[in-house]
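Let me begin by presenting the structure, written as structure tokens, before commenting on it.
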Amino acid sequence: MNPKRILVTGGMGYIGSHTTVELQAVGYDVIIVDNLSNSNRDVLKGIKAISGVEPTFYQVDCNDQQAMREIYDRHRPDGVIHFAASKAVGESVEKPLLYYRNNILSLIVQLELMKEFGTKGIVFSSSCTVYGQPKKLPVTEEAPILPATSPYGNSKQINEEIIRDTIHSGVDFRAILLRYFNPIGAHPSAEIGELPLGVPQNLIPYLTQTAAGIRKELTVFGDDYNTPDGSCIRDYIHVVDLAKAHVVAIDRLLGAKATEPLEVFNIGTGRGASVLELIHTFEEATGVKVPHKIGPRREGDIEQVWADPTRANKVLGWSAQSTLQEALKSAWKWQQKITKPEN
Ligand code: UFG
């Protein structure tokens with residue numbers, strides 16, 4: 001039997017590249033579409049170094065319906081994993097139209113083409129940002145969706161609604177929304193990882209760049225929150241565990257195992273860690289000090305959120321396997337590789 005073909009939009013990015021290698025590991029044929037706006041061609045080499053197979057790659061913008069139609073027509077994908085999106089919260093406040101164009105139009109293009117070409121299922125990258133500051137922790141999928149605080153967050157909510165309405169209209173495909181918590185780390189081989197452009201906005205790349213001496217010190221954004229040590233709490237999940245959640249989700253869609261046409265899963269570890277705890281765990285796991293100071297709160301930050309992943313554990317048979325130490329070690333190995341290229 002021919003391997004099933006999965007179209008991975010944004011497959012050259014951080015989560016997309018890790019998902020590609022996990023899909024390949026279980027025999028899927030991966031076709032990547034990515035405009036390289038936040039990645040580069042070297043990612044293909046990293047993927048091949050791990051899996052031995054270079055995926056088919058098109059440098060195409062997912063909003064380009066004509067170019068995308070040719071790709072759907074040529075490859076007739078069985079399923080789609082839609083990662084391609086702009087993801088910087090701060091930038092989205094400055095450039096809302098760019099965010100709405102990139103994040104909403106590209107989804108509509110995929111859904112229209114899936115209908116046209118009879119694609120069986122879509123896995124969509126959503127985010128725990130849809131919960132805002134939940135009243136009850138850990139947060140379940142039943143928690144209310146709160147008004148978004150940025151165009152980025154709003155675009156994720158609107159995308160979830162677009163998928164819900166499309167499924168409700170009776171299309172022939174099914175959908176799974178994965179609400180990610182905070183992905184960190186890199187593939188243990190350090191062949192692929194996160195490639196932040198410019199000054200990192202997220203905690204882990206800023207932390208590893210500080211440990212590597214690229215940044216002078218890390219600022220902890222606030223230590224006066226209502227948490228045990230005063231710093232914010234998140235559910236940090238190893239990116240390889242997150243990638244594997246996509247594989248079980250696409251297996252479920254293509255194996256017609258989904259009991260509902262639309263399913264939603266939290267993808268987190270179920271454990272919260274504070275910013276200060278994370279710095280100390282990194283120092284212990286790697287033996288490298290992270291110069292840091294306490295600064296003011298960052299506007300718009302959620303105080304604390306972590307997942308109740310019970311539904312994903314039970315229904316998908318998936319659970320996060322890596323410890324925080326392992327995830328942080330892998331992030332450090334990757335940072336060392338990109339700081340000191342071998343040649
Ligand atoms: N933090 C610092 N110093 C830094 C950077 C971050 O203390 O230099 C803190 C933040 O205040 C926060 C925690 O580290 O408490 C994590 O911050 P990140 O920016 O890494 O992640 P966020 O939880 O803010 O955001 C992430 C994704 C967003 C997504 C959001 C909610 O980056 O895309 O989760 O889903 F919208």
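Considering segment 209-230 alone, what residues qualify as being touching an Asp or Glu at 6+ places or on another chain (Cβ under 9 Å) and under 22 Å from Glu326 (Cβ atoms)?
Of everything in segment 209-230, those that are touching an Asp or Glu at 6+ places or on another chain (Cβ under 9 Å) and under 22 Å from Glu326 (Cβ atoms) turn out to be Thr210, Ala211.
For the structure I just gave you, tell me whether Lys293 is surrounded by fewer than 16 Cβ atoms within 10 Å (Cβ to Cβ), part of a helix (DSSP H, G or I) and on the phi < 0 side of the Ramachandran plot. Break it down into steps so the answer makes sense when it comes.
Details: surrounded by fewer than 16 Cβ atoms within 10 Å (Cβ to Cβ): yes; part of a helix (DSSP H, G or I): no; on the phi < 0 side of the Ramachandran plot: yes.
No, not satisfied.
Could you go through segment 262-278 and let me know if any residue there is surrounded by fewer than 22 Cβ atoms within 10 Å (Cβ to Cβ), assigned to a strand (DSSP E or B), within 16 Å of the ligand (Cβ to nearest atom) and among the β-branched types (Val, Ile, Thr).
Within segment 262-278, one or more residues are surrounded by fewer than 22 Cβ atoms within 10 Å (Cβ to Cβ), assigned to a strand (DSSP E or B), within 16 Å of the ligand (Cβ to nearest atom) and among the β-branched types (Val, Ile, Thr).
Of Leu197, Leu203, Leu242, which residue is under 17 Å from Leu328 (Cβ atoms) and either modelled with pLDDT under 95 or under 14 Å from the mean Cα position of the chain (by Cα) (or both)?
Working: Leu197 fails: under 17 Å from Leu328 (Cβ atoms); Leu203 fails: either modelled with pLDDT under 95 or under 14 Å from the mean Cα position of the chain (by Cα) (or both).
One residue alone meets the criteria, Leu242.
Does Asp42 fit the bill of being open to solvent by 30 Å² or more (accessible area, probe 1.4 Å) and either within 21 Å of Tyr180 (Cβ to Cβ) or without any contact (Cβ under 8 Å) to a residue 40 or more places away in the chain (or both)? Walk me through it before giving the result.
Details: open to solvent by 30 Å² or more (accessible area, probe 1.4 Å): yes; either within 21 Å of Tyr180 (Cβ to Cβ) or without any contact (Cβ under 8 Å) to a residue 40 or more places away in the chain (or both): yes.
It is true that Asp42 is open to solvent by 30 Å² or more (accessible area, probe 1.4 Å) and either within 21 Å of Tyr180 (Cβ to Cβ) or without any contact (Cβ under 8 Å) to a residue 40 or more places away in the chain (or both).
Select from segment 139-156 the residues that are buried (at least 17 other Cβ atoms within 10 Å of the Cβ) and not in a helix (DSSP H, G or I) and list them in ascending order.
Correct list: Val139, Glu141, Ala143, Ala148, Thr149, Ser150.
So which residues in segment 45-60 are open to solvent by less than 60 Å² (accessible area, probe 1.4 Å) and outside any helix (DSSP H, G or I)?
Of all residues in segment 45-60, those open to solvent by less than 60 Å² (accessible area, probe 1.4 Å) come to 46-47, 50-52, 55-58, 60.
If the condition is that a residue be open to solvent by less than 60 Å² (accessible area, probe 1.4 Å) and outside any helix (DSSP H, G or I), then Gly52, Pro55, Thr56, Phe57, Tyr58, Val60 are the ones that fit.
Is there a residue being under 15 Å from Thr19 (Cβ atoms), in contact with a strand residue (DSSP E or B) (Cβ under 9 Å, 6 or more places away or on another chain), open to solvent by 40 Å² or more (accessible area, probe 1.4 Å) and outside any helix (DSSP H, G or I) anywhere in segment 70-86?
Within segment 70-86, the first condition is being under 15 Å from Thr19 (Cβ atoms), and the residues that meet it are 77, 79-85.
Filter again for in contact with a strand residue (DSSP E or B) (Cβ under 9 Å, 6 or more places away or on another chain), leaving 77, 79-85.
Imposing the further condition that a residue be open to solvent by 40 Å² or more (accessible area, probe 1.4 Å) reduces the set to 85.
Narrowing the set further to residues that are outside any helix (DSSP H, G or I) leaves 85.
Among the residues of segment 70-86, at least one is under 15 Å from Thr19 (Cβ atoms), in contact with a strand residue (DSSP E or B) (Cβ under 9 Å, 6 or more places away or on another chain), open to solvent by 40 Å² or more (accessible area, probe 1.4 Å) and outside any helix (DSSP H, G or I), which makes the answer yes.
If Thr210 passes every condition in (1) surrounded by fewer than 21 Cβ atoms within 10 Å (Cβ to Cβ); (2) modelled with pLDDT of 95 or more; (3) over 20 Å from the mean Cα position of the chain (by Cα) but one, which one does it miss?
Checking Thr210 against (1) surrounded by fewer than 21 Cβ atoms within 10 Å (Cβ to Cβ); (2) modelled with pLDDT of 95 or more; (3) over 20 Å from the mean Cα position of the chain (by Cα), the one that fails is (1).
Out of all the residues in segment 228-253, which are near the ligand (Cβ under 10 Å from one of its atoms) and either open to solvent by 20 Å² or more (accessible area, probe 1.4 Å) or among the aliphatic types (A, V, I, L, M) (or both)?
Pass one, segment 228-253, residues near the ligand (Cβ under 10 Å from one of its atoms): 231-236.
Within segment 228-253, Ile233, Arg234, Tyr236 meet the criteria.
The values are calculated or read from the model by the stated rules, or taken from the named source; none is laboratory data. Fair warning: this is a prediction, and the values are worked out from it, not measured in the lab. Ideal geometry is used to build each Cβ from the backbone, glycine not excepted, and the neighbour counts take in all protein chains shown. Accessible surface areas use protein heavy atoms only, side chains included; no ligands, DNA or RNA. Shrake-Rupley method; radii C 1.70, N 1.55, O 1.52, S 1.80 Å.
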